[in-house]
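All of the numbers you see were taken from the coordinates with simple rules; none came from a lab. Only a predicted model underlies this, so the values are computations on that prediction, with no experimental measurement involved. With ideal geometry, Cβ positions are generated from the backbone for all residues, glycine too; neighbour counts draw on all protein chains shown.
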Amino acid sequence: MVDPAPTLIELDDVAYRPQGGDGAFELRVPTLSIRAGEHVALLGRSGSGKTTLLSLIAGILLPQRGRIRVAGVDVARLSDAERRRFRIGSIGIVFQEFELLEHLSVAENILLPYFVNPALVLDAAVRARLDDLARDSGITRHLAKKPRQLSQGERQRVALCRALVTAPKLVLADEPTGNLDAKTAEQVVDLMLHQARARGATVLCVTHDRTWLPRFDRSIELEALTGAGA
Amino acid sequence: MKSALLLAWRYLAHHRARTILLVLAVAATALLPIAVNALVSQYSAELLARARSTSLLLGAPGSRYDLVLNALYFTGRVPNRLSMAEYATLAATDQARAIPIYAGHHAKGFAVVGTGVDYFEMRGLAFAAGTPFAELGEAVVGARVARELGLAPGGHLLSDQGSLYDLTMRYPLRMRVVGVLAQSGTPDDGAVFVDVKTAWIMDGLGHGHVDAKAATPNEVLGAKNDRIALSAAVVEYQEVTPDNVDSFHFHGDPDTFPLTAVLVEPYDARAQTLLKGRYRVEKDAQLLVPTEVIEEILGFVLRLKRFFDANAVLVSVATVLFLALVVLLSLRLRQREAETLFKLGCARATIAKILGLELSICVGLGLVLALAGAALLVVWAPRVV
């Protein structure tokens, strides 16, 4: 009998209400558990709190109540600096709008986490990983170009490489195909899951498109998770 | 730090036009105060150095400023004339070395300074070529004069005419260049030096012409005993040559011949004190300490500069506010970029550092540009002004 993979993400009785908001929105997650290596799709209607949930897991936002454990670390109990270091070392983030810096080359964009975090060391191993990721993503010939010279799909591949270059345990993807046509979106999702699987990374991906669900190990409806849809 | 610098530089290089505008704004604001300060400092130093190298200055009563500016820098209005008798009196005291100065004429726009050969030694001037003047009509030119007029020993230079409407004016004197001074970085570089007697020839106090006894009847107005009055038909020589040098002579009492100043180098402190005391009660001459006069002039200049400095401060404040506005607008535009960096694990302090470096690079480049511009101005201003 094979031992089940350990739990990577664990939320317990989490509640989050934006500070300064009108109080109408509150995200409540009684419980959530995702195992290491799992590829999970997160679904939900607009405004239901999918991005907020990703931000809580990434330690960008802090819950008012409850516990969020990622790779065994209680994210909410860390100091700002510790949380930032934890995010750098353990989590890769893919944004819907790519969020590439136009003034940097593709290679520099991918290596951006190393430029902005003194804790990360940009050594030969990292450069080798950059080459591998670029080759696997089919963007090697674009490494010296600026993002504006790339297509939307290529830009999202660059963003994906940036999320994976630090070899994170967890990839959080916030509607990575939202700005792509169907064919490109399919390529990007396949690439993301393939790259993550090849590196043993867990994926939690927000999506509206149910077409991709068969590609994931499982999917979670946020409304079902929070009880809002009940 | 290296990475933050790289990111800052990449951003500035990408937004080239915006960066250039910012750099130029900083440079334009900084250029004028830096240049004015540099120029005032340089001019002050040069003026004072020249003044300090002259212990005392004797001149006719009148404007002290005109006297010092004319005698030391060969510029400004020609001061009241001092008679040769005053020079002779001073020289006879045996308390100081006295060097006559007669500066009022010009050649091709450069000051012609009548003096003695002692002047070169007193000023420590070296010769790049040729020798000091020895004869009437010979000239030694400063380094800048030689460079701009393409003169060398053996060349010639015409003195400028005064006013075209002056019917009594003298014809220009053609001077022969016998020496060129080495560059000294002083007003001597832009002057033409002649013997004081040559300057008097330009005044018409001395001249050369055909022998009166050999003059034709229509060149003679009348004759009484051995005195012959020549008419205007007699042609005066416009150049002193070995052939006609003997015909040059001076009319009038040499004691009344004019000088504009006398450079006075007392032999010792006691002599200096005695001379100062003596000329304190003198009515026909004044003895000045050039340093005091120049410091007085610089006092006016520095007072004016204070107004300019106040203006520069206001402009700088306006520029800083403008930069602050640019930074604030930039921060607003780049909020999303900053958020991305934060989400990727960048500390807020690092983001601030990157933005600070961008601003510092712009300000730094602007200041470097302003310094370079100011250096160019300092080099070129003396040629233009």
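Structure above, values below:
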item: Choice from A:Pro18, A:Pro63, A:Pro118 showing the highest fluctuation, given a GNM over chain A with Cα pairs closer than 10 Å; result: A:Pro118
item: Backbone N under 15 Å from the B:Glu121 label point (7 Å along Cα→Cβ), restricted to segment B:247-290; result: B:265-267
item: Fluctuation leader among A:Thr31, A:Thr51, A:Thr202 - chain A, Gaussian network, Cα springs under 10 angstrom; result: A:Thr31
item: Table column - 3J(HN,Hα) (Hz), segment B:265-281, Karplus curve with 6.51, -1.76, 1.60, x for Gly and Pro; result: 10, x, 6, 7, 5, 5, 4, 4, 5, 5, 5, 4, x, 5, 7, 5, 9
item: Rounded tilt (10° steps) of B:290-333 against the dominant C-alpha axis of chain B; result: 20 degrees
item: Spatially proximal lysines relative to A:Lys50 (Cα-Cα < 26 Å; intrachain offsets below 8 disregarded); result: A:Lys169, A:Lys183, B:Lys343
item: Ranking of B:His251, B:His156 by count of other Cβ atoms within 10 Å, fewest first; result: B:His251, B:His156
item: Distant-in-sequence amide H partners of B:Thr241 (H built 1.01 Å from N, under 5 Å); result: none
item: Given chain B, longest segment not containing exposed loop chymotrypsin sites (Phe, Trp or Tyr not before Pro) (DSSP; at most 16 other Cβ within 10 Å); result: B:1-164
item: Exposure proxy ranking, count of Cβ atoms within 10 Å, fewest first, for B:Asp284, B:Asp188; result: B:Asp284, B:Asp188
item: Ellipticity estimate at 222 nm from DSSP helix runs (n ≥ 4, -39,500 (n - 2.57)) divided over the protein assembly as shown, nearest 500; result: -14500 deg cm²/dmol
item: For segment B:312-337 versus segment B:176-191, the gap between their alpha-carbon centres in whole angstrom; result: 52 Å
item: Of B:Ala129, B:Ala17, B:Ala60, the one that fluctuates the most in a GNM where chain B has Cα springs shorter than 10 Å; result: B:Ala17
item: Whole-Hz couplings from phi, Karplus 6.51/-1.76/1.60, listed for segment A:5-15; x for Gly and Pro; result: 4, x, 6, 9, 10, 9, 10, 9, 6, 8, 9
item: Built amide H within the under 5 Å cut-off of B:Gly114, gap 5+; result: B:Tyr102, B:Ala103, B:Gly104, B:Val194
item: Estimated inter-spin distance, B:Ser247 and A:Arg67, nm [label 7 Å along Cα→Cβ]; result: 12.3 nm
item: Segment A:15-103: relative contact order as a whole-number percent, Cα under 8 Å and 6+ apart; result: 22 percent
item: ³J(HN,Hα) computed for each position of segment A:168-182 - Karplus, 6.51 cos²θ - 1.76 cosθ + 1.60, integer Hz, glycine/proline x; result: x, 7, 9, 10, 9, 10, 9, 6, x, 10, x, 9, 10, 6, 4
item: Normalised contact order of segment A:137-208, rounded percent, pairs of Cα under 8 Å and 6 or more residues apart; result: 36 percent
item: GluC sites (Glu not before Pro) restricted to DSSP loop in segment B:266-308 with at most 16 other C-beta within 10 Å; result: B:Glu282
item: Residues B:Thr260, A:Thr140 arranged by fewest to most Cβ contacts within 10 Å; result: A:Thr140, B:Thr260
item: Mean separation of Cα contacts under 8 Å (6+ apart) over length of chain A, as relative contact order %; result: 28 percent
item: Neighbouring partner chain Cβ atoms per residue of A:90-101, average, 10 Å criterion; result: 3
item: Potential lengthening between B:Ala88 and B:His14 on full extension [0.36 nm per residue; Cα-Cα distance subtracted]; result: 19.1 nm
item: Cα gyration tensor category, rounded, prolate or oblate, for segment B:31-150 with a/c compared to 1.5; result: oblate
